[in-house]
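Heads up, the thing below is written out as structure tokens.
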Amino acid sequence: MKKTTLSTLAAAGIMATAGLGATAAFAVPDSPATWEKCAGVSKAGKNDCGAMDGKHACAGQAKADNLKTDWVYLPKGTCEKISGGAVVGEKPAKS
């Protein structure tokens, strides 16, 4: 009887510890204080606004992936971590 109780307690402890780790791993980060315009990383049709060279004036009109003239908003500090990304502007987050 004692072996079964000890095994049950050990298993419960392991599951509780695993549950805490999973919760922390999937936590939603705080909203960024500043967004940056990151050029050169958007997918075709997934840009956030008009091209910097004026070839189009709306979101979703990038003709190809990773064009240097099309951009997306990313949390400040993210763009420089992406290969090919270039920060071309910043904007404060809405409060």
Legend entry - Partners for Lys94 among aspartates and glutamates (Cα-Cα distance below 19 Å; same-chain residues under 8 apart left out): Asp30, Glu36, Asp48
Legend entry - Among the listed pairs Lys55/Lys81; Lys43/Lys63; Lys55/Lys91; Lys37/Lys76; Lys43/Lys68, those beyond 18 Å (Cα-Cα): Lys55/Lys81; Lys55/Lys91
Legend entry - Residue order, fewest to most beta carbons within 10 Å, for Trp71, Trp35: Trp35, Trp71
Inset, instruction - Rounded to whole Hz and in sequence order, give me ³J(HN,Hα) for the range 71-83 from the Karplus expression 6.51 cos²θ - 1.76 cosθ + 1.60, θ = phi - 60°, writing x for Gly and Pro. - result: 9, 9, 7, 9, x, 3, x, 8, 4, 5, 8, 9, 4
Legend entry - the range 38-76: trypsin sites (Lys or Arg not before Pro) in DSSP loop, at most 14 other beta carbons within 10 Å: Lys43, Lys46, Lys55, Lys63, Lys68
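Read-outs: derived from the displayed coordinates by stated rules, not from any lab. This is a predicted model, so every value here is computed, not measured. Note that we place each Cβ from the backbone using ideal geometry, even for glycine, and neighbour counts take in every protein chain shown.
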